[in-house]
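K.L.:
Below you'll find the structure I mean.
The values are calculated or read from the model by the stated rules, or taken from the named source; none is laboratory data. Computed from a predicted model, the values in this text were never measured in an experiment. Note that we place each Cβ from the backbone using ideal geometry, even for glycine, and neighbour counts take in every protein chain shown. We work out accessible area using only protein heavy atoms, side chains counted, and drop any ligands, DNA or RNA first. Shrake-Rupley method; radii C 1.70, N 1.55, O 1.52, S 1.80 Å.
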2 protein chains.
Amino acid sequence: MITRLSNYFLKTLREDPADAEVASHKLLVRAGYIRRQAPGVFGWMPLGLRVKAKIEQIIREEMAAAGAHEVHFPALLPREPYEATGRWEEYGDALFRLRDRHGADYLLAPTHEEVFTLMVKDIVSSYKELPLALYQIQDKYRDEARPRAGLLRGREFTMKDAYSFDVSDEGLSASYQRQRDAYERIFSRLGVEYVIVSADAGAMGGSRSEEFLLPIEIGEDTFVRSAGGYAANVEAYRAPVPEALPIEGQPAALVFDSPNTPTIDTLVSHTNAVLPRADGREWTAADTLKCVVLAVTSLEGERELVVIGIPGDRDADMKRVEVAFPNCAVEPANEADFAAHPALVKGYIGPVLHGEAVLGTEGTSGIRFLLDPRVVDGTAWVTGANEHEKHVAYLVAGRDFTADGVVDVASVREGDPAPDGSGPVSLARGMEIGHIFELGRKYAEALGLKVLDENGKLVTVTMGSYGIGVTRIMAALAELNHDDRGLIWPRAIAPFDVHLVATGKDPVVFERAEALAAELSAGGVEVLFDDRPKVSPGVKFGDAELLGVPRVVVVGRDAAEGFAEVWDRAGGTKERVALSEVPGLFA
Amino acid sequence: MITRLSNYFLKTLREDPADAEVASHKLLVRAGYIRRQAPGVFGWMPLGLRVKAKIEQIIREEMAAAGAHEVHFPALLPREPYEATGRWEEYGDALFRLRDRHGADYLLAPTHEEVFTLMVKDIVSSYKELPLALYQIQDKYRDEARPRAGLLRGREFTMKDAYSFDVSDEGLSASYQRQRDAYERIFSRLGVEYVIVSADAGAMGGSRSEEFLLPIEIGEDTFVRSAGGYAANVEAYRAPVPEALPIEGQPAALVFDSPNTPTIDTLVSHTNAVLPRADGREWTAADTLKCVVLAVTSLEGERELVVIGIPGDRDADMKRVEVAFPNCAVEPANEADFAAHPALVKGYIGPVLHGEAVLGTEGTSGIRFLLDPRVVDGTAWVTGANEHEKHVAYLVAGRDFTADGVVDVASVREGDPAPDGSGPVSLARGMEIGHIFELGRKYAEALGLKVLDENGKLVTVTMGSYGIGVTRIMAALAELNHDDRGLIWPRAIAPFDVHLVATGKDPVVFERAEALAAELSAGGVEVLFDDRPKVSPGVKFGDAELLGVPRVVVVGRDAAEGFAEVWDRAGGTKERVALSEVPGLFA
């Protein structure tokens, strides 16, 4: 196949689009792959469609190899099934909702668990028909608050979403593993580096969950990994719980004046100045207990204050907080919250006032109080004394205060221990390109998907859900594979196998280039042929570099002598090759 | 490729779905091609996807042959461009509208003229880059009032929409013809019978327009055609205008009593009884002038009454009325309308009262009055006298009354003359499967799409728009190709080339069937192999007939002797064929 640039719907741009922040967005627009239609919504040019189709084809092949059947659901779906599973509400503002002319509620589906469940309910009645795996490649919708970064975070995007259906937990594990293996094959074939990390199943309501992350600085996810093989999304990291310490023999709690200590740092300095420790060590931020006041609003709109006690050398990580309070909106308490709870003395909040519990549902404030898992019984803390300009030291957990529970939302740091004992973790940024879930029976229960088991009894089906962001992967690959002159596609998904450039005005050059294009094409090579007669070599070379076909063959002055120049964009090399040998490079 | 029914996501149904009215809907659901998700919204099962993909592939090949480039636009589009062309309002309730979290207006696109125009504006700047043709295959949305008939009239459906861009009218004509030719090739390859009829460009605002209709009784369109080659959608039919008649010598208008004449028939009988004609002929319905009162409501909500004078042997055809009053809602006047206009004496409405004009903007009522084109000057009519129980005869057009204009909305009848003189027309029902428009400059003007012409002057581009309903064609083909046992697909779009059925329990049969499947598959034949071990021959045969693969090969008892049975579903034949000769049938 020969595609001629003299007759192709393409326009390259010299300037980056004004709204583009990341390289993939800039380059995919500049090189004529996509065009913005609205915030987070893109139109696809012929070049972009070619790359997308190649990614989809690889996914289709591996889904078939994993025994999954392709189906296709509408984007426009009725409210009822999403109401039944609670997701109509849970999705909040991220769900595009609309009404039809009769006033019936619809949504543009962000994922399709509900309707796959219903279709299988409609079709499958016996365990004999399971396991079953279905998938689709489909355009999905999410009303992102700040759509940005081009295809990396769009409001309309293409996903492959697959769903598995099993009778037993072992069956689900096997189905999960089958998809996991398929994902590994897909990402390998696409040339995508990836890390599989444990993830929090979160809003999907399942149990086991892993993300496929592409390690990249601009990624929105943070993940941790140890040299010993542990890897988790930072939201799924769980701090190891230290052993409790003996309480006997610890000094009594001591309230002290602490004016002008608005920060943990100033509090530590002040404490070291006024209250030297007997053992000669200095107080550090890790000895303080920071009481973070959060306002948690449920889907029904109920606003509740929650105080979280965290060692002062860490912060509450709001992403981890969100996971800890599923289906809630969480934000720092505001002035009105403090005004409504005079027991909270801002800047001096602590568990106890004059020996009496303040925080906790049993405390005088009645406010729920949760502790970081590191705050085990017997640990002693410097913390607020619930009076203006007063803190308390030697406040011992389990002796002087207790809490309503434990919550692991403190920030994770380089060097923190992996929970599986595999050593200290390091942190990195990653971008989610795949996510697999053992959903379990949540959706099947909500929608009544049952089958007859071997004993003729009705049992609820257990499900898995498996997603790959097709358009996001394309952007991620662009992000990873470019230089300052343009894109450099991995071969598997390049829009063409070769970008053939004929330069100059010499008819012999064009004849030779035509002959080469024909020969390559006859050999099954997909040729993009820059045959534009009146375009300068400089512009042609610039376009070739920008477009990112990994191999460029330039037929120019040397053609008369039987030579071309072959560029390997990835390797950065340019080689003089006999025209007769060029087809062999693509064998 | 071998697809095994023992491991395929398919369930056939014995019963028709309750909501299905037409054969294609019933059969596509029963045979497991599609499943209803909401009114007019369907999910696609693997079988359905295969047929759809084959239709799309044929369209893609012919679009490429016609020089059109494939792109892809989002379904979710911002309001602004549709506002600029007026279509945001004009589409009325048929447009799905929604708001994003920031309150910005969006729509689910019913067609994409606006954004194609804007993309070309963004990319093309010179006449040298034209002509240009772009297309996409994409899911579209229309909020039909009564989605029915399955895929024939859905609210989410797949269309191929193409758009052409030219500098000159001649260029547009050539682009239009190129698409028209491509459509003829596409429909021929798909095995679809079609009639090309003139259509009214209507809401698209263009000039020339033709529809590709599939002649079928359940079609929603009526079209007329003459033996001499004229063909038009009934909305586009224009009655030939007769020559005016001499006014001199005609009898004077005569008012007469006409009690108990609520219908044209009773009026004609009564008139014949009380007012015999001098020439001995009888009065007929064609001698009466029926004054139809319509209420026309504009997009801005202004309601205006209009009276249309039509020969009494015809009715106002409301579909033709809609075309005559674009972007308006039209309905018969109601009691409140009559109450507000006492000049209209219901049952006795006519142009004149006591020699004075009642109807018409210059008349005493001030109501706009339009005439059928057959009511030329000199024609004499029996019509209402604007007094209770009184009619008037010998009322001569051009002598006794005039009107504000002409409107051709009367019903069209079998035997009416073709406007091009090619003889009488016959009427038939058809289903629109393609529609091509010369849009002209409406969209380019509204959205500012201009290019530099040969003289360096900015000129507005002229456009065409060309649509094919992909999912509708699939349903139409199902509608045309079935018998009482199931579907019978044309070969070009059948989901498989052969449906291979192994019957019984004899292992030899299954071995022979396996070997045949392998041989066929190796030869490039797409095999659907019913290898289900515990399913009775009767059920397998029933499924084979229902699914509609055009050739069924049954490997059963005769296999041991080296024979199979080959069914030609379309021809209705069943033949005993040597197993060794079966592959040759698919060569």
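K.L.:
Scan segment B:304-340 for residues that are farther than 23 Å from B:T284 by Cβ and not in a helix (DSSP H, G or I) and report the count.
P.N.:
Of the residues in segment B:304-340, 13 are farther than 23 Å from B:T284 by Cβ and not in a helix (DSSP H, G or I).
K.L.:
Also, quick follow-up: Starting from segment A:505-519, take each residue that is under 15 Å from A:E561 (Cβ atoms) and list its partners that are surrounded by fewer than 13 Cβ atoms within 10 Å (Cβ to Cβ), counting only C-beta distances under 6 angstrom and pairs at least six apart or across chains.
P.N.:
A:V508/A:A560
K.L.:
Residues being open to solvent by less than 40 Å² (accessible area, probe 1.4 Å) and in a strand (DSSP E or B): count how many of those fall in segment B:252-303.
P.N.:
Residues in segment B:252-303 being open to solvent by less than 40 Å² (accessible area, probe 1.4 Å) and in a strand (DSSP E or B): 11 in total.
K.L.:
Step by step: first the residues of segment A:115-135, then only those that are over 16 Å from A:Y466 (Cβ atoms), more than 10 Å from chain B (Cβ to nearest Cβ) and touching a Leu at 6+ places or on another chain (Cβ under 8 Å), then the one that is surrounded by the most Cβ atoms within 10 Å (Cβ to Cβ). Which residue is that?
P.N.:
My answer is A:Y127.
K.L.:
Then there is this: Please count how many residues of segment B:1-12 are surrounded by fewer than 19 Cβ atoms within 10 Å (Cβ to Cβ), within 22 Å of A:L118 (Cβ to Cβ) and not polar (S, T, N, Q).
P.N.:
3
K.L.:
Assuming B:R314 fulfils every condition listed in (1) at pLDDT below 95; (2) under 27 Å from the mean Cα position of the chain (by Cα); (3) not aliphatic (A, V, I, L, M) apart from one, which condition is it?
P.N.:
Unmet for B:R314, out of (1) at pLDDT below 95; (2) under 27 Å from the mean Cα position of the chain (by Cα); (3) not aliphatic (A, V, I, L, M): (1).
K.L.:
Taking only segment A:67-96 into account, find how many residues are in contact (Cβ under 8 Å) with a residue 12 or more places away in the chain, open to solvent by 10 Å² or more (accessible area, probe 1.4 Å), of a type in the set (D, E, K, R) and more than 7 Å from chain B (Cβ to nearest Cβ).
P.N.:
3
K.L.:
Given (1) more than 30 Å from B:V345 (Cβ to Cβ); (2) touching a Gly at 6+ places or on another chain (Cβ under 7 Å); (3) not aliphatic (A, V, I, L, M); (4) not assigned by TED's automatic domain parsing to the domain that holds B:R472, identify the lone condition not met by B:T288.
P.N.:
All conditions are met except number (1).
K.L.:
Next question, about the same structure. Give me the residue from segment B:532-551 that is crowded, with 18+ Cβ neighbours inside 10 Å and of a type in the set (G, A, S) and, out of that set, nearest to B:M45 (Cα to Cα).
P.N.:
Filtering segment B:532-551 for residues that are crowded, with 18+ Cβ neighbours inside 10 Å and of a type in the set (G, A, S), the one nearest to B:M45 (Cα to Cα) comes out as B:G548.
K.L.:
Could you check B:T261 against (1) in contact with a His (Cβ under 6 Å, 6 or more places away or on another chain); (2) modelled with pLDDT of 95 or more; (3) of a type outside the set (K, R) and say which number it fails?
P.N.:
Single failed check for B:T261: (2).
K.L.:
Here's something else I'd like to know. I need the helices (runs of 4 or more DSSP H) fully contained in segment A:438-532, keeping only those with at least 3 residues that are more than 30 Å from A:A587 (Cβ to Cβ).
P.N.:
Details: elements: A:442-447, A:470-480, A:507-522.
In segment A:438-532, the matching helices (runs of 4 or more DSSP H) lie at A:442-447, A:470-480.
K.L.:
List every residue pair whose Cβ atoms lie under 6 Å apart, where the two residues are 6 or more positions apart in sequence or sit on different chains, the first residue falls within segment A:338-354 and is in the same structural domain as A:G309 (by TED's automatic domain parsing) and surrounded by 15 or more Cβ atoms within 10 Å (Cβ to Cβ), and the second residue, located anywhere, is outside any helix (DSSP H, G or I) and among the aromatic types (F, W, Y).
P.N.:
Pairs that qualify, where the first residue is in the same structural domain as A:G309 (by TED's automatic domain parsing) and surrounded by 15 or more Cβ atoms within 10 Å (Cβ to Cβ) and the partner is outside any helix (DSSP H, G or I) and among the aromatic types (F, W, Y), are A:P351/A:F401; A:V352/A:F401.
K.L.:
Within segment A:34-53, does at least one residue satisfy the condition of being open to solvent by less than 40 Å² (accessible area, probe 1.4 Å), away from chain B (no Cβ under 11 Å) and either free of Cβ contacts under 8 Å to residues at least 40 places away in the same chain or within 30 Å of A:K442 (Cβ to Cβ) (or both)? Lay out the reasoning, then the answer.
P.N.:
Restricting attention to segment A:34-53, the residues satisfying the condition of being open to solvent by less than 40 Å² (accessible area, probe 1.4 Å) are A:34-35, A:37-38, A:40-49, A:51-52.
Cutting the leftovers down to away from chain B (no Cβ under 11 Å) gives us A:51.
Checking which are either free of Cβ contacts under 8 Å to residues at least 40 places away in the same chain or within 30 Å of A:K442 (Cβ to Cβ) (or both) leaves us with none.
Looking through segment A:34-53, none of the residues is open to solvent by less than 40 Å² (accessible area, probe 1.4 Å), away from chain B (no Cβ under 11 Å) and either free of Cβ contacts under 8 Å to residues at least 40 places away in the same chain or within 30 Å of A:K442 (Cβ to Cβ) (or both).
K.L.:
Let me ask you something else. Sort out which residues of segment B:219-251 are closer than 30 Å to B:G150 by Cβ and in a loop (DSSP other than H, G, I, E, B), and write them in order of number.
P.N.:
Within segment B:219-251, the first condition is being closer than 30 Å to B:G150 by Cβ, and the residues that meet it are B:219-225, B:231-237.
Across segment B:219-251, the qualifying residues are B:G219, B:E220, B:V234, B:E235, B:A236, B:Y237.
K.L.:
Return a yes/no flag: does segment B:136-153 have any residue that is of a type in the set (V, I, T) and either assigned to a helix (DSSP H, G or I) or more than 14 Å from chain A (Cβ to nearest Cβ) (or both).
P.N.:
As a first pass, look at segment B:136-153 and keep what is of a type in the set (V, I, T): B:137.
Add one more test, that the residue is either assigned to a helix (DSSP H, G or I) or more than 14 Å from chain A (Cβ to nearest Cβ) (or both), and what stays is none.
No, every residue in segment B:136-153 fails to be of a type in the set (V, I, T) and either assigned to a helix (DSSP H, G or I) or more than 14 Å from chain A (Cβ to nearest Cβ) (or both).
K.L.:
Looking at B:E15 and the list (1) open to solvent by 10 Å² or more (accessible area, probe 1.4 Å); (2) assigned to a helix (DSSP H, G or I), which single condition is not satisfied?
P.N.:
(2)
K.L.:
All but one of (1) at pLDDT below 95; (2) under 24 Å from the mean Cα position of the chain (by Cα); (3) not small (G, A, S) hold for B:D484; state the number of the condition that does not hold.
P.N.:
(2)
K.L.:
Residue check, B:G430 against (1) surrounded by fewer than 22 Cβ atoms within 10 Å (Cβ to Cβ); (2) within 30 Å of B:A227 (Cβ to Cβ); (3) not β-branched (V, I, T), all met but one. Which one?
P.N.:
Only one criterion is unmet by B:G430, namely (1).
K.L.:
Looking only at segment A:298-309, filter to residues that are modelled with pLDDT under 95 and more than 11 Å from A:D337 (Cβ to Cβ); which one of those is farthest from the chain's Cα centre (by Cα)?
P.N.:
Top of the filtered list is A:E302.
K.L.:
Being within 23 Å of A:I216 (Cα to Cα) and touching a Leu at 6+ places or on another chain (Cβ under 7 Å) is the filter; apply it to segment A:8-24 and report the residue that is nearest to the other protein chains (Cβ to nearest Cβ).
P.N.:
It comes out as A:S24.
K.L.:
Which numbered condition in (1) closer than 27 Å to A:D100 by Cβ; (2) within 11 Å of chain A (Cβ to nearest Cβ); (3) part of a helix (DSSP H, G or I) is the only one that B:L107 fails?
P.N.:
Every listed condition holds for B:L107 apart from (3).
K.L.:
Here's a check for you: in segment B:219-247, which residue that is open to solvent by 50 Å² or more (accessible area, probe 1.4 Å) and among the charged types (D, E, K, R) is farthest from the chain's Cα centre (by Cα)?
P.N.:
Looking at the filtered set, the residue picked out is B:E243.
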